[in-house]
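Remarks on the structure that follows.
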Amino acid sequence: MATQASRIAGRLMLSPVVVLLFLWMIVPLGMTIYFSFLRFNLLMPGTEEFTGFENYSYFFTDPAFWPALVNTLVLVLGVLVITVVGGVALAVLLDQPMWGQGIVRILVIAPFFVMPSVSALVWKNMLMNPVNGLFAALARGLGLEPIDFFADAPLASIIAIVAWQWLPFATLILFTAMQSLDREQMEAAEMDGAGPIWRFVHLTIPHLMRAATVVVLIQTIFLLSVFAEILVTTNGGPGTASTTLTFLVYMQSMLQFDVGLGSAGGIVAVILANIVAIFLMRMIGKNLEA
Amino acid sequence: MGEIVLSEVRKSFGGVSIIQGIDLVIPDGEFVVFVGPSGCGKSTLLRLIAGLEDTSSGTISIDGKDATKLPPAKRSLAMVFQSYALYPHMSVRKNIAFPLRMAGLPAEEQQRKVEAAAKVLNLTPYLDRKPSQLSGGQRQRVAIGRAIVREPAAFLFDEPLSNLDAALRVSMRQEISELHHTLKTTMIYVTHDQVEAMTMADRIVVLNAGRIEQVGSPLELYRSPANLFVAGFIGSPKMNLIEGAEAAKYGAHTLGVRPEHIDIAEDGPWKGLVGLCEHLGSDTFLKVEVEGIGQINVRVGGDVPLRHGARVNLAPQADKLHRFDAGGKAMV
Ligand SMILES: Nc1ncnc2c1ncn2[C@@H]1O[C@H](COP(=O)(O)OP(=O)(O)OP(=O)(O)O)[C@@H](O)[C@H]1O
Ligand SMILES: [Mg+2]
């Protein structure tokens, strides 16, 4: 891409894709913004009219709004912490020479291939069910009272399910980074008198920072829109205990057929996602620079 | 204090024997160079001494104490790696201070030692940079700095200059030699470059396929190579090795004569035709096709007016001939 001509040619060839991607984003966003300013209820067709910020004020004053906001942040943060810490631990373990390495690595990746709704159902009916679940059976075996996970700790249960799904992704990225860690550096540190823990703190952790940043950024995008797991397990309840912003938008636009209110919620979610993204880039974005 | 004694040291990787019984005594303060062709086990031997690999059998003792089973950190050896192995996330200062920090030295003392080392190695202006912001030679010096602050019993170098360009290699080579004169610490230096070996070593250990071929000072190896391998390996350009009738005249299976020990003489016994002719200014390297012998490399003065296709008579210097028997051993 050195000459003027090749630069122009490059731009020309890129432009259809750029235009397509831009439309792909801007049309739904524009329509959502437009709907969010309308009174638009599917149960009352033909009554659409401009209402200004009325939908927004309804959304903000909805008693479920603040709990949903808090739940969203707790969910995202909880899953991030579990997956990054767990991912680093698994990456270190997988990096050790051991028998059956190939199979173990595939097993670790496997949960990522399971559809969210399916894995949520498996967790709900086979593991966490207070009557038939494996955990309940274990608890009874130990002489303890089985826990009704989705009634007593709904958000924590959902965090566990989502973390289980995302742990393979984090592990995969961190493990790949782990393999690019220079052996000679480790040996130099060993000769310098650094034990395994110091080597982990001074060499492994700094080396993994970049990969961890990628994991955090990518996961945040997907975690802000976790939906199937909630729908299949708790349906946002009990009360609003496991309602996130995504789920709140769904309840309002789909269950109450209020497209205007749902759109306003969607725009709020978009703004929240951007705020989170800006925060993240400020905090950890510098790790991505070479 | 750093006397290192290897006895019957062997190492095999998965059944393949790589180091096949090494006996070697390295006295305190000596600069020893391991040379040998690629894959002969130089790095492996160094790593065995460092404790980064376990020996398969044999013992290694450092300062009279058996160190065969000691972990690397306990052997008080410092190693400089070919890739430098600097810690990329730490500044130069932190890199050099790392071994001191691991040893639990107080901060002021760390500071003092780091600055002293930086001064010796001309690194003071770069102390707050990251390794990625340094040139190859500077990185190499940081790696050396990290080794010297520990005041180890011995330094181990694994081809430390092979990533540098020719000019820098020469100057770093001299710096390391000078460092040895100042510190007077035992140094073991691995290289496959025989010029480095000849110029730096007190003693050279020539390795081949996991065995020691010969140990001696550079000039000993040059003057009296113990076998064909050493004869061919030490010296540049390579020694001419002649077999057949010409060698038999001298009662040897193989006759060795160095290119610099052949003169051009009117009455020389070897008549030949000059092939390739390399004028370096200070020297001229000739490849001469000699009748009945084959190609002979000759090194003569810089102002020899010979060209491709010229006829010359060559005379080997009689007192500089090397004779080898059928087994490749030198004959006396
Ligand atoms: N960890 C290992 N596992 C199996 N074989 C090994 C291992 N390390 C080295 N080897 C083998 O041991 C032999 C000697 O290797 P070594 O690295 O000591 O060579 P070297 O003399 O340092 O060569 P070079 O000049 O190319 O660095 C090689 O044939 C190599 O393949
Ligand atoms: Mg090597």
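When the residues of the stretch B:158-177 are filtered to those that are surrounded by 21 or more Cβ atoms within 10 Å (Cβ to Cβ) and within 13 Å of chain A (Cβ to nearest Cβ), the one that is nearest to ligand 1 (Cβ to nearest atom) is B:Asp158. Only a single criterion out of (1) surrounded by fewer than 23 Cβ atoms within 10 Å (Cβ to Cβ); (2) touching a residue at least 60 places away in the same chain (Cβ under 8 Å); (3) more than 16 Å from ligand 1 (Cβ to nearest atom); (4) over 18 Å from B:Ser177 (Cβ atoms) is not satisfied by B:Pro225, namely (1). Any residue at all in the stretch B:143-156 that's crowded, with 20+ Cβ neighbours inside 10 Å, within 16 Å of ligand 1 (Cβ to nearest atom) and closer than 23 Å to B:Gln194 by Cβ? Scanning the stretch B:143-156 turns up at least one residue that is crowded, with 20+ Cβ neighbours inside 10 Å, within 16 Å of ligand 1 (Cβ to nearest atom) and closer than 23 Å to B:Gln194 by Cβ.
Take A:Glu54 and tell me if it is surrounded by 12 or more Cβ atoms within 10 Å (Cβ to Cβ) and not aromatic (Phe, Trp, Tyr).
Working: surrounded by 12 or more Cβ atoms within 10 Å (Cβ to Cβ): yes; not aromatic (Phe, Trp, Tyr): yes.
When the stated conditions are applied, A:Glu54 passes them.
Here no helices (runs of 4 or more DSSP H) wholly within the stretch A:92-150 include at least 1 residues being closer than 20 Å to A:Gln179 by Cα and in contact with a Cys (Cβ under 6 Å, 6 or more places away or on another chain).
What residue, among those in the stretch B:188-224 that are in a strand (DSSP E or B) and within 9 Å of the chain's Cα centre (by Cα), is nearest to ligand 2 (Cβ to nearest atom)? Explain how you work it out, then say what you get.
Step one: list which residues in the stretch B:188-224 are in a strand (DSSP E or B), which gives B:188-191, B:203-208, B:211-216.
Checking the rest, the ones that are also within 9 Å of the chain's Cα centre (by Cα) come to B:189-191, B:204-206.
Details: B:Tyr189: 12, B:Val190: 6, B:Thr191: 9, B:Ile204: 16, B:Val205: 14, B:Val206: 15 Å.
Per the criteria, the residue is B:Val190.
Tally up the residues in the stretch B:8-43 that are within 12 Å of ligand 1 (Cβ to nearest atom) and touching a Lys or Arg at 6+ places or on another chain (Cβ under 6 Å), please. Here the count works out to 5. Checked against (1) closer than 26 Å to A:Leu208 by Cβ; (2) more than 10 Å from chain A (Cβ to nearest Cβ); (3) under 27 Å from the mean Cα position of the chain (by Cα), B:Ile62 passes all but condition (1).
Which residue is farthest from the other protein chains (Cβ to nearest Cβ), if the candidates are limited to the stretch A:137-196 and must be more than 30 Å from B:Leu46 (Cβ to Cβ) and hydroxyl-bearing (Ser, Thr, Tyr)? If you could, list the steps in order and put the result at the bottom.
In the first step, residues of the stretch A:137-196 are kept if they are more than 30 Å from B:Leu46 (Cβ to Cβ); the result is A:137-176.
Restricting the remaining residues to those that are hydroxyl-bearing (Ser, Thr, Tyr) gives A:157, A:171, A:176.
Working: A:Ser157: 38, A:Thr171: 22, A:Thr176: 18 Å.
Filtering first and then ranking leaves A:Ser157.
Is the stretch A:113-127 home to any residue that is without any contact (Cβ under 8 Å) to a residue 12 or more places away in the chain, away from chain B (no Cβ under 14 Å) and within 23 Å of A:Leu73 (Cβ to Cβ)? No, that holds for no residue. Which condition breaks for B:Val5 when tested against (1) hydrophobic (A, V, I, L, M, F, W, C); (2) in a strand (DSSP E or B); (3) touching a residue at least 60 places away in the same chain (Cβ under 8 Å); (4) more than 16 Å from ligand 1 (Cβ to nearest atom)? (3) is the only condition that B:Val5 fails. Of all residues in the stretch A:132-160, those being modelled with pLDDT under 90 and of a type in the set (Val, Ile, Thr) number 1.
Kindly state which strands (runs of 3 or more DSSP E) lie completely within the stretch B:11-65 and contain at least 2 residues that are within 16 Å of ligand 2 (Cβ to nearest atom) and crowded, with 19+ Cβ neighbours inside 10 Å.
Details: elements: B:16-26, B:31-35, B:57-62.
Of the strands (runs of 3 or more DSSP E) lying wholly inside the stretch B:11-65, those with at least 2 residues that are within 16 Å of ligand 2 (Cβ to nearest atom) and crowded, with 19+ Cβ neighbours inside 10 Å span B:16-26, B:31-35.
One residue stands out among those in the stretch B:72-95 that are farther than 24 Å from B:Ser43 by Cβ and in a helix (DSSP H, G or I): the one that is nearest to the other protein chains (Cβ to nearest Cβ), which is B:Lys94.
Annotation note: Cβ proximity below 6 Å between a residue of the stretch B:28-54 that is away from every other protein chain (no Cβ under 13 Å) and small (Gly, Ala, Ser) and a residue that is part of a helix (DSSP H, G or I) and within 7 Å of ligand 1 (Cβ to nearest atom) (sequence gap 6+ or interchain) occurs for B:Gly36/B:Lys42. If you go through the stretch B:96-154 and keep only what is over 20 Å from A:Met191 (Cα atoms) and among the β-branched types (Val, Ile, Thr), you end up with B:Val120, B:Thr124. Residues of the stretch A:197-217 that are more than 28 Å from B:Ala103 (Cβ to Cβ) and more than 11 Å from chain B (Cβ to nearest Cβ): A:Ala211, A:Ala212, A:Thr213, A:Val214, A:Val215, A:Val216, A:Leu217. Is one or more of the residues making up the stretch B:103-126 hydrophobic (A, V, I, L, M, F, W, C), in contact with a strand residue (DSSP E or B) (Cβ under 6 Å, 6 or more places away or on another chain) and at negative phi? Scanning the stretch B:103-126 turns up no residue that is hydrophobic (A, V, I, L, M, F, W, C), in contact with a strand residue (DSSP E or B) (Cβ under 6 Å, 6 or more places away or on another chain) and at negative phi.
The values are calculated or read from the model by the stated rules, or taken from the named source; none is laboratory data. Everything numeric here is computed off the predicted structure, so don't read it as measured data. Positions of Cβ are backbone-derived with ideal geometry, glycine not excepted, and every protein chain shown enters the neighbour counts.
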